[in-house]
Each structure stands twice: as C-alpha cells, then as structure tokens.
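K.L.:
What follows is a single structure, and I will ask about it in a moment.
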Amino acid sequence: DVKVTQSSRYLVKRTGEKVFLECVQDMDHENMFWYRQDPGLGLRLIYFSYDVKMKEKGDIPEGYSVSREKKERFSLILESASTNQTSMYLCASSLMANTDTQYFGPGTRLTVL
Amino acid sequence: AQSVSQHNHHVILSEAASLELGCNYSYGGTVNLFWYVQYPGQHLQLLLKYFSGDPLVKGIKGFEAEFIKSKFSFNLRKPSVQWSDTAEYFCAVNARRDDKIIFGKGTRLHILP
C-alpha cells in the first residue's frame, strides 16, 4: 500500500512565524502535490512537483513556497504565516503522470493565531 | 480554464435510499475524471476513475459513475446507501493537455440510520 505521511496532524503558529509542513511518500512516486482544503471551497492546489528540484505553481501559490530535495519528500513553507492561512493542508503523490490516481496523506490542520 | 461544479453541497438520505451526486465540468477536450471520498477522520481516497472505454465505471463499495460526454457530466450513483457511506465526496477533472487536476467543492453526504 502507498503511504503518504505528514509531519504533524495539528499545528498552531503565530502570525509572522515561518512554518514548515513536511510530506513523505514511500512508493517512489514522481509527482507530489500540496493542497489546502477549506469548507465550501474543496481542494485547491498550491504547488506541485513532478521531479526532484522541480516545482510548478498551482492555483493559489501566493504566500507559499516549496522544496523538493529528495524524491520522497516535499515540503511546504509559509514564509510569514498569516491568519488567512489557517486551513487543512493535504499532501498527495502519484506514480506516473499528473493524471494518475493521487494518494493523500492524513492532512495537517494549521491554525495561525 | 477548467472548472468543476458539484450540484449539491449537503445531501441527507435514509439508509437503503438511492444516491446520485451530480458533477459537471467545463472543458471541451479530452478529460480524465475522478471521484474521491473522505470518510470522517480518514484520508481522501479514490472511489473510481474514468480515462477511456466504457463510460459506465464501477468503483469500490458499490459505487458507479457514468460519463456523458454530451452533457459534460460524471454523476456518481449508488442504488442503496448505507450508514457507512456518510462522507464528503469530491469530483475531479483533468484536461489531458494540462498538468493539474481540478477538484469540485465537495458534497457532504449524511446517511440516517
């Protein structure tokens, strides 16, 4: 079974802090994704990566950056957290192409005070 | 730009009722279509997908969906729901010439025992 893990289930940070969300997958998948999930808005793509050190902006990249130094790990960075970034963050990975089935992690619920 | 519309935000049904959740997308070219489900407290997971071939697709747990190209629709159905089907359901679409999968806003399904 594919396993996608995220470093924290719950996280509370203060406005202006730098926040790191980590995601690791164990199935040698090429593609990794970061989404945020908000009630009534569904899933919105923040960034995705189709290879090590490669990244592409999604639909809402503002205020976020990403890092992919190793194939199995994809990090989401909030350079200066703001209250409107309070959300559920989901990481996903897929095998061959961006259109393949995506496997999701459990999510990190981030609260920014 | 692609978009995905899920008609119902909340659906409440009694056990054994039939279910149909609507999904429409806006893109005129070739698409890949998905339904994902998120059970309470669990990861988002794939329910079924359509890439090509028979437009009636069967998924896990007795769910099926029908791709109707002329209507730009991919509705999810189940003839008799169970209490354990209580979850949030997301329709997702990928235009094959694009890198991204676009998710709908989700439908919360609540099954009364």
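Where a number appears in this text, it was derived from the coordinates with a stated rule and is not lab data. On a predicted model such as this, the values are computed, not experimentally measured, just so you know. Every residue, glycine among them, receives a Cβ derived from its backbone with ideal geometry; neighbour counts consider all protein chains shown.
K.L.:
Of everything in the stretch B:40-71 that's assigned to a strand (DSSP E or B) and of a type in the set (Lys, Arg), which residue is surrounded by the most Cβ atoms within 10 Å (Cβ to Cβ)?
P.N.:
Here the answer is B:Lys49.
K.L.:
Cβ-Cβ distance below 6 Å, separation of 6 or more or different chains: which pairs start in the stretch A:17-34 with a residue that is more than 14 Å from A:Thr101 (Cα to Cα) and touching a residue at least 60 places away in the same chain (Cβ under 8 Å) and end on one that is charged (D, E, K, R) and part of a strand (DSSP E or B)?
P.N.:
A:Val19/A:Lys13
K.L.:
Restricting to the stretch A:37-56, and then to whatever is within 17 Å of A:Tyr89 (Cβ to Cβ) and among the basic types (Lys, Arg), can you tell me which residue is nearest to the other protein chains (Cβ to nearest Cβ)?
P.N.:
By that ranking, first place goes to A:Arg44.
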